[in-house]
Amino acid sequence: MLIQTPLLAATSPESPSLGLYPGLSWFWQVYFYAVLGLILIGIINHIVLSVAALRMRHRGLPPAAPEDFLWVFFVPALDEEVTIADSVSRLAATDAPHKLIMVIDDGSEDATANILATLDVPDLQVLSRKAPDARIGKAAALNAAWRHLHGLLATPRYSRWRPEQVIVVVVDADGRLSANAPAEFSRHFANPQMGGVQSLVRIYNRRSWLTWAQDLEFSAFGRLFQQGRAWWGTANMGGNGQANRLAALDDVATENGPWRNKLTEDQDIGVRLLHKGWLGSQDLVATVDQQGVNSLRRLWRQRTRWAQGGWEATALAGTAHRIQAPWWARIDALIYLFAPLVQLVILASFLSAIILAVTLELPLWARTWPLILFFVSLSFLPGFIGLVARGETLVEKLFAVILVIPYTLYAWIILPVVVRALFRLVFGRTSWTKTAREPLNQQTEEESPARGAN
């Protein structure tokens with residue numbers, strides 16, 4: 001005999017039902033309807049962002065004027081012997097009349113320092129950090145570069161550049177920034193209130209389903225979410241290929257620097273810039289190519305770190321009202337910050353439905369096939385909208401109908417990391433193993449050269 005508790009008990013046939021979930025207690029019916037409401041809000045937000053992204057693509061920008069700015073590239077490097085020479089050489093080829101490449105060697109124990117010493121690149125500076133200052137986080141490395149930059153601006157060579165004219169571009173050691181990035185960024189920074197611009201992230205080692213899905217993920221995020229938010233000036237920053245006005249960084253800096261010791265320091269600083277009144281934008285012409293993760297285990301570890309950083313960022317929700325944007329943009333900012341919580345609730349509802357169906361033998365999906373189709377559509381619709389936004393031609397948009405199936409499977413595979421990240425946060429675990437780089441000689445001939453915009 002099944003022992004029924006108040007929460008797990010099935011209602012009697014005479015008990016009232018809310019319609020979609022017959023046979024369940026009131027608690028579970030209200031819970032599943034609340035989850036359904038969250039899903040619908042998310043889909044509505046997808047649609048609003050899609051419309052905003054379309055409008056943003058038709059918004060005119062001033063002509064490119066990269067000569068108006070000093071471009072300073074921060075390249076954090078920790079044991080990056082595989083990719084560092086490639087990344088620096090591509091930065092040297094960027095279309096920036098005034099630039100400075102600053103590599104932060106954060107206590108590397110491989111050949112990174114030796115490789116950097118052999119590079120004959122104009123305006124390359126290497127900041128060598130040693131213990132105990134080294135290897136204490138990417139934020140600390142970036143803050144060290146920020147302090148060094150202010151010291152350079154006090155010298156005669158760079159004294160003519162004011163913080164408003166200095167653009168700091170963070171490029172990961174595996175990053176391949178397109179040569180046109182400074183010119184494209186300059187069109188956004190012509191607006192004196194523009195605090196940050198994010199380039200479009202792409203994956204260059206697409207040789208497996210995992211890296212293919214990651215490329216789709218980054219592209220859809222940039223072309224839908226980021227481009228939509230750019231309409232209101234609330235696009236966030238994504239770390240690699242992120243450009244920030246030095247004056248904006250100074251505005252959110254403490255005595256240690258602008259970056260906080262967070263697992264996703266890029267997301268953190270992007271949100272805080274918006275809350276300080278600065279604008280954020282996304283550029284789809286300037287691109288940064290990076291390595292994807294070809295191992296599911298390593299992908300889970302990477303995304304757990306990102307998810308834990310997302311949990312940390314929820315603390316910033318209390319100042320979201322400071323964003324100088326329309327009311328829906330402020331709601332979207334809250335949705336963005338509470339994304340880990342929403343994902344956790346949706347995952348819990350999915351598992352609860354399975355458990356209830358098995359333990360109580362309830363026909364949760366017995367409301368005929370239209371209801372089944374409805375919920376299946378809700379599962380696939382967000383990914384479909386993102387893939388359609390990613391497509392640049394009619395054929396690519398039509399292919400979204402097919403691509404949404406493997407892409408949604410990928411999204412569900414990595415969704416449980418939000419639970420693992422929460423446990424790590426609760427138990428105060430913040431240590432991480434660096435994701436290993438793939439040797440560049442594994443790339444195909446098509447992947448090797450620096451690529452411009454599509």
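The values are calculated or read from the model by the stated rules, or taken from the named source; none is laboratory data. Values in this document were obtained by computation on a predicted structure and should not be read as measured data. We place every Cβ from the backbone using ideal geometry, glycine too, and count neighbours over all the protein chains shown.
For the subset of the stretch 268-282 comprising residues that are of a type in the set (Gly, Ala, Ser) and either assigned to a helix (DSSP H, G or I) or at pLDDT below 95 (or both), which member is surrounded by the fewest Cβ atoms within 10 Å (Cβ to Cβ)? Filtering first and then ranking leaves GLY277. Checked against the criterion of being of a type outside the set (Phe, Trp, Tyr) and touching a Leu at 6+ places or on another chain (Cβ under 7 Å), the candidates LEU274, LEU316, LEU263 yield just one match: LEU316. Is it true that ARG135 is without any contact (Cβ under 8 Å) to a residue 60 or more places away in the chain, touching a Gly at 6+ places or on another chain (Cβ under 7 Å), of a type outside the set (Gly, Ala, Ser) and surrounded by fewer than 18 Cβ atoms within 10 Å (Cβ to Cβ)? Answer is yes for this residue.
From the list GLY222, GLY196, the lone residue that is out of contact with any Asp or Glu (no Cβ under 6 Å at 6 or more places or on another chain) and assigned to a strand (DSSP E or B) is GLY196. A single member of GLU438, GLU392 is out of contact with any Phe, Trp or Tyr (no Cβ under 9 Å at 6 or more places or on another chain), at pLDDT 75 or above and of a type outside the set (A, V, I, L, M, F, W, C), and it is GLU438. Listed conditions (1) part of a loop (DSSP other than H, G, I, E, B); (2) closer than 14 Å to VAL342 by Cα; (3) not charged (D, E, K, R) are all met by PRO63, apart from (2).
Here is a yes/no grid of residues against (1) under 30 Å from GLN193 (Cα atoms); (2) under 14 Å from the mean Cα position of the chain (by Cα):
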{"site": "GLN282", "(1), (2)": "yes, yes"}
{"site": "ALA286", "(1), (2)": "yes, no"}
{"site": "TRP300", "(1), (2)": "no, no"}
{"site": "ARG303", "(1), (2)": "no, yes"}
{"site": "TRP306", "(1), (2)": "yes, yes"}
{"site": "GLY309", "(1), (2)": "yes, yes"}
{"site": "ALA315", "(1), (2)": "yes, no"}
{"site": "ALA320", "(1), (2)": "yes, no"}
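For LEU119, the conditions (1) of a type in the set (A, V, I, L, M, F, W, C); (2) modelled with pLDDT under 90; (3) over 30 Å from LEU381 (Cβ atoms) all hold with the exception of (2).
Is at least one residue of the stretch 106-122 closer than 16 Å to ARG245 by Cβ and either not in a helix (DSSP H, G or I) or not basic (Lys, Arg) (or both)? Looking for residues that are closer than 16 Å to ARG245 by Cβ and either not in a helix (DSSP H, G or I) or not basic (Lys, Arg) (or both), one finds none in the stretch 106-122, hence no. Taken over the stretch 43-88, the criterion of being under 20 Å from the mean Cα position of the chain (by Cα) and surrounded by fewer than 17 Cβ atoms within 10 Å (Cβ to Cβ) is satisfied by ILE43, ILE47, VAL48. When the stretch 123-155 is limited to residues that are assigned to a loop (DSSP other than H, G, I, E, B) and at pLDDT 95 or above, the one that is nearest to GLU255 (Cα to Cα) turns out to be ALA154.
Determine whether ALA286 is within 17 Å of LEU49 (Cα to Cα), crowded, with 22+ Cβ neighbours inside 10 Å and not acidic (Asp, Glu). No, not satisfied.
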